[in-house]
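Here is the structure we will look at, set down as structure tokens.
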Amino acid sequence: MRLDVNLLDYVLIAIYFATVLAIGFAARKRISSSLDFFLAGRGLPAWITGLAFVSANLGAIEILGMAAQGVQYGAMTLHYYWIGAVPAMVFLGIVMMPFYYRSKVRSVPEFLRRRFNGATQLLNAITFAVAQVLIAGVNLYALALVIELLLGWPLVVSVVVSAVIVLTYITLGGLSGAIYNEVLQFFVILAGLIPLTVLGLIKVGGFSGLFEKVRQSTLGEGGLHTWANTATGDNPMQAHWIGIVFGLGFVLSFGYWTTNFAEVQRALSARNTNAARLTPIVAAFPKILIPLVTVLPGLIALVLFSGWGQQREYNYAIPVLMRDLLPNGVLGIAVTGLLASFMAGMAANISGFNTVFTNDIWQAHLARDRDDSHYVRVGRIATVAGVALGVGTAFIAAGYSNIMNYLQTLFSFFNAPLFATFIVGLLWRRMTPWAGFWGLLAGTVAAFASYLSYKAGLVDFGTELNASFWGAGLAFFVDVVVSVVVTLFTTPKPAEELRGLVYGLSAVNLEDDALAGDARWYRSPVLLGTGAVVLAALMYGVIL
């Protein structure tokens, strides 16, 4: 698996690393308060935060994970984009961001404290922190895997070196350093993956040649369809349309995109409410087309190489294509793109971790009323701790031949019940503080119980991925039921304390932060969001 890199490739990689660190040092000069460190001073335009939003998600989950899914499940992987991302991203921009941004919260757990109570905030902060460390480990493992292939270093050495690079620019530049690097990384990633996809298509005889070869592969005709046979489960993913629509399209998708602070944090750094609403919507348009450079290479790898899931791990789809298809120079750009994607993903996890730990655990429950510089210092220490923990969890990810299955399991544990608590609390003002806490806890426990039952053989969901769909649905259902029951026996908050936090109770003296030009059609969140959803639906028409 060793990649045949030469001096030119190394020079390109070195230039990229030098640029990343330079951005970190430059961003450091802009940090004068905790708001600057954790939320980039809330002064960034929508196009920057939008690209950072999609780039933060364009880590191992997207590059190695979705290519691995393409090999294992074929075209059904497209569900993760067109029903499993775009509608939720639009919903976040149009509906949720006004509540987040105008309430001036610094994180999702802080919003839960205002809507419910400190116990709910602390529970969510702890589960979020654990999730981000685990997911950071996935990105770190993927980054180390590429370095291992590139340089031949042992995995342990590769993990540590990779961690130090990410740690340096986040510790220096805070969220500003992460965001500006994510914008750069977005373009570097595409520069690496587009040539790989084009050369791969040429190798297999174009789209027609690829489709014919997929039909002859282990996936067969099912590898070319998204909805075919989902009423019976007779498809590569062994998934039922109910699990896809409700488990993935509603619970997992909305749970991830609307409540995952690692993503929401980018929108909170925008310069005003309209820019914050546009952030996930701007990101939705490239998200629709990203399968062309992730899932499509997976299908190409499927037909060019054999032994997937046996002698060859699914996670190796992209590296194998790079090794066999790319000439030197282009190979250096592709390797740089991979490194950029994993660094972007890990940076998002760690910047979210340090913010939530500092604001929602340390400041809210352990050390209140300290000076602002104290919390900036704690944030930097939390960054170091988060990266160190990520090094440990990287070796958990190493035990999975398809890291996407692992990630979806984590999302069913942590994001699905949180979305239930959040959406019920947003729409139902009667929901009480302790209903928020017990509903969230019960939903999380239900997701764990569902997964353990599957692993123990007590329930057969077919595949681990399908198990995460049903686990997410169960977590959502249990959370809602427990929330309703607890609400009937506990006392709700007074209406005045809920202003700006639930529908039907707007905040008093809400400031208009609109800027010149926000009223133009191309800055309308509703218009652009509708366009993104329609475009995603039309893409399904191309390949059903």
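Ala231: open to solvent by 10 Å² or more (accessible area, probe 1.4 Å), aliphatic (A, V, I, L, M) and not in a helix (DSSP H, G or I), yes or no? It would help to see each step written out before you state the result.
Values: open to solvent by 10 Å² or more (accessible area, probe 1.4 Å): yes; aliphatic (A, V, I, L, M): yes; not in a helix (DSSP H, G or I): yes.
The answer is yes for Ala231.
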Here is a list of conditions, (1) of a type in the set (A, V, I, L, M); (2) out of contact with any Gly (no Cβ under 8 Å at 6 or more places or on another chain); (3) at pLDDT below 80; (4) not in a loop (DSSP other than H, G, I, E, B), and Leu78 meets all of them except one; can you say which number that is? (3)
Every residue in the range 527-544 that is touching a residue at least 60 places away in the same chain (Cβ under 8 Å) and open to solvent by 80 Å² or more (accessible area, probe 1.4 Å), please. Leu544
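Give the range 205-228 a look and list any residue that's farther than 25 Å from Val86 by Cβ and open to solvent by less than 40 Å² (accessible area, probe 1.4 Å), or say none. Walk me through it before giving the result.
Within the range 205-228, the first condition is being farther than 25 Å from Val86 by Cβ, and the residues that meet it are 205-206, 208-209, 212-213, 215-218, 220-221.
Within the range 205-228, Gly206, Gly209, Ser217, Gly220 meet the criteria.
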Exactly one condition in (1) open to solvent by less than 10 Å² (accessible area, probe 1.4 Å); (2) in contact with a Phe, Trp or Tyr (Cβ under 8 Å, 6 or more places away or on another chain); (3) within 27 Å of Leu134 (Cα to Cα) is not met by Gly332; state its number. (3)
For the range 450-470, enumerate the residues that are in contact (Cβ under 8 Å) with a residue 12 or more places away in the chain and part of a helix (DSSP H, G or I). Ser450, Tyr451, Tyr454, Glu464, Leu465, Asn466, Ala467, Ser468, Phe469, Trp470
Which listed residue is assigned to a helix (DSSP H, G or I), more than 30 Å from Val533 (Cβ to Cβ), open to solvent by less than 10 Å² (accessible area, probe 1.4 Å) and small (Gly, Ala, Ser), from Ala344, Ala301: Ala301
Residue hits (the range 434-461; more than 22 Å from the chain's Cα centre (by Cα) and buried (at least 17 other Cβ atoms within 10 Å of the Cβ)) are Trp434, Ala435, Gly436, Phe437, Trp438, Gly439, Leu441, Ala442, Ala446, Ser450, Tyr454, Phe461
Subset of the range 487-544 (residues that are modelled with pLDDT under 90 and touching a Ser or Thr at 6+ places or on another chain (Cβ under 8 Å)): Arg499, Gly500, Leu501, Ala507, Asp513, Ala514, Tyr540, Ile543, Leu544
Helices (runs of 4 or more DSSP H) enclosed by the range 98-204 - at least 2 residues per element that are closer than 26 Å to Pro291 by Cα, open to solvent by 10 Å² or more (accessible area, probe 1.4 Å) and in contact with a helix residue (DSSP H, G or I) (Cβ under 8 Å, 6 or more places away or on another chain): 118-151, 155-204
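Scan the range 187-241 residue by residue and report those that are of a type in the set (A, V, I, L, M), more than 22 Å from Arg323 (Cβ to Cβ) and touching a residue at least 12 places away in the same chain (Cβ under 8 Å).
Step one: list which residues in the range 187-241 are of a type in the set (A, V, I, L, M), which gives 188-191, 193-194, 196, 198-199, 201-202, 204, 210, 214, 219, 224, 228, 231, 237, 239.
Pick out the ones that are also more than 22 Å from Arg323 (Cβ to Cβ) and you get 219, 224, 228, 231, 237, 239.
Of everything in the range 187-241, those that are of a type in the set (A, V, I, L, M), more than 22 Å from Arg323 (Cβ to Cβ) and touching a residue at least 12 places away in the same chain (Cβ under 8 Å) turn out to be Leu219, Leu224, Ala228, Met237, Ala239.
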Index of the failed condition, Arg2 passing every other in (1) more than 22 Å from Ala262 (Cα to Cα); (2) at pLDDT 75 or above; (3) among the charged types (D, E, K, R): (2)
Could you please find all residues in the range 419-433 being open to solvent by less than 10 Å² (accessible area, probe 1.4 Å) and either among the aliphatic types (A, V, I, L, M) or at pLDDT 90 or above (or both)? Ala420, Thr421, Gly425, Leu426, Met431, Thr432
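Looking at the structure I just gave you, is Arg323 open to solvent by 20 Å² or more (accessible area, probe 1.4 Å), charged (D, E, K, R), in contact with a helix residue (DSSP H, G or I) (Cβ under 9 Å, 6 or more places away or on another chain) and over 18 Å from Ala262 (Cβ atoms)? Give the derivation first.
Numbers: open to solvent by 20 Å² or more (accessible area, probe 1.4 Å): yes; charged (D, E, K, R): yes; in contact with a helix residue (DSSP H, G or I) (Cβ under 9 Å, 6 or more places away or on another chain): yes; over 18 Å from Ala262 (Cβ atoms): yes.
Spelling it out, Arg323 is indeed open to solvent by 20 Å² or more (accessible area, probe 1.4 Å), charged (D, E, K, R), in contact with a helix residue (DSSP H, G or I) (Cβ under 9 Å, 6 or more places away or on another chain) and over 18 Å from Ala262 (Cβ atoms).
The values are calculated or read from the model by the stated rules, or taken from the named source; none is laboratory data. Model, not experiment: these values are computed from the prediction. Neighbour counts are summed over all protein chains in view; Cβ atoms, including those assigned to glycine, are modelled from backbone coordinates with ideal geometry. The area values use the complete protein model at the heavy-atom level, side chains included, leaving out ligands, DNA and RNA. Shrake-Rupley method; radii C 1.70, N 1.55, O 1.52, S 1.80 Å.
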